[in-house]
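The values are calculated or read from the model by the stated rules, or taken from the named source; none is laboratory data. The shown structure was predicted, so the numbers you read here are calculated from the model rather than taken from an experiment. Note that we place each Cβ from the backbone using ideal geometry, even for glycine, and neighbour counts take in every protein chain shown.
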Ligand SMILES: Cc1ncc(C[n+]2csc(CCOP(=O)(O)OP(=O)(O)O)c2C)c(N)n1
Ligand code: SF4
């Protein structure tokens, strides 16, 4: 056994007698037996008491959302695609309940990872609610009369789903050999460690013995799949293409004279072309040799209410895309006014371009009232406003915006001349 260390010297963070501590210690011991470098191990923990063990491990650790740690680990395993690396998931029975489909999918697709289910028969961290693993008759603080149905047999489920190595162990003493077998199995492996949470399970079921409970529940303590059977492997693309295909590259054709970043917020109504206008504004900046970013905001009901977008154009790389106080604010409708009122009130300088049918909100910006809607109609008001602002703010040549506009099929619907009224 190697002398490599996997756990810090600090005391493990669990209540006295909690089986989670033994799982952590046995994990460290199994990895020592396998002589694996701690930095070749990625431990993905779930939400729950077991998950607070992160800080005790000297491996890489990732803390996932409740129930999603297996999905996260599957992505890591596929990305690493290296049998020399070990991806280990720690989850509770609560997290396994919430993320059951991720476990079934992981086993089915044969991701190279090991899931350790800390089955203490209840949701520990939140005070002892029953999970789908809680056995019949088992009492918890929120179910004092005891569960009336059987808990899941995760081991049988995993075998049926196609896992390569599956074992159930009683979480007492040394079970590091079981972990070592699971960690060295190829494909998807799972070990279910049976525990009783001393703080909620033992208190609610005084005198109950863990092995008796497991036996009465009809759960076998054994190896269910020994890792020797065929394990389906997800094909991994070893030559992934960049998401930024050549087609997305923009060749600068014009020049801009702006010296510093300018943030522009456009706020209007859904269905009035706000997002397209913002996209054209950002793209034409690139055609003019600038960097640009675009962020969209709209309610989940995308067809009604406000639609807003924040664009930054800059001669320098944009390292932060937020712009809580815009330099230029464009408001083209009353929905847009409702959304942008707070941003307008934060402006101590800059310019507010607002449709002249709207009341001017409280702002420290210079105000320009323009009849956007009257001149081009509601549907084209955002696009027109963008042309108008590029011209008046001298962000870059209007010709750049014209080029971007004319190369899009939207140009078949809007007469470009109507957008050039400055
Ligand atoms: C999606 C989601 N649902 C619920 C919670 C609240 N929550 C936090 S910890 C926890 C219980 C965890 O129980 P379990 O997974 O069994 O782990 P244990 O605490 O027993 O180790 C719950 C329900 C959450 N954080 N996220
Ligand atoms: S509440 Fe239960 S599961 Fe959580 S640390 Fe304490 S004993 Fe362990």
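Among residues of segment 132-170 being surrounded by 23 or more Cβ atoms within 10 Å (Cβ to Cβ) and in a loop (DSSP other than H, G, I, E, B), the one that is nearest to ligand 1 (Cβ to nearest atom) is 133. Looking only at segment 130-149, count every residue that is under 33 Å from the mean Cα position of the chain (by Cα) and closer than 13 Å to residue 213 by Cα and tell me the total. Of the residues in that region, 3 qualify. Within segment 187-230, if we keep just the residues that are over 20 Å from residue 93 (Cα atoms) and surrounded by fewer than 14 Cβ atoms within 10 Å (Cβ to Cβ), the residue that is farthest from ligand 2 (Cβ to nearest atom) turns out to be 230. If you go through segment 35-61 and keep only what is closer than 26 Å to residue 238 by Cβ and away from ligand 1 (no atom under 16 Å from the Cβ), you end up with 36, 37, 39, 40, 41, 42, 59, 60. Whether a residue is within 16 Å of ligand 2 (Cβ to nearest atom), in a loop (DSSP other than H, G, I, E, B) and in contact (Cβ under 8 Å) with a residue 24 or more places away in the chain was assessed, and residue 14 passes this test.
So that you can scan it fast, the table gives a plain yes or no per residue for (1) modelled with pLDDT of 95 or more; (2) farther than 12 Å from residue 419 by Cα; (3) surrounded by fewer than 24 Cβ atoms within 10 Å (Cβ to Cβ):
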site	(1), (2), (3)
368	yes, yes, yes
373	yes, no, yes
380	yes, no, yes
390	yes, no, no
403	yes, yes, yes
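Does residue 359 count as more than 22 Å from residue 294 (Cβ to Cβ) and in the same structural domain as residue 293 (by TED's automatic domain parsing)? Yes; evaluated as a whole, the condition is true for this residue.
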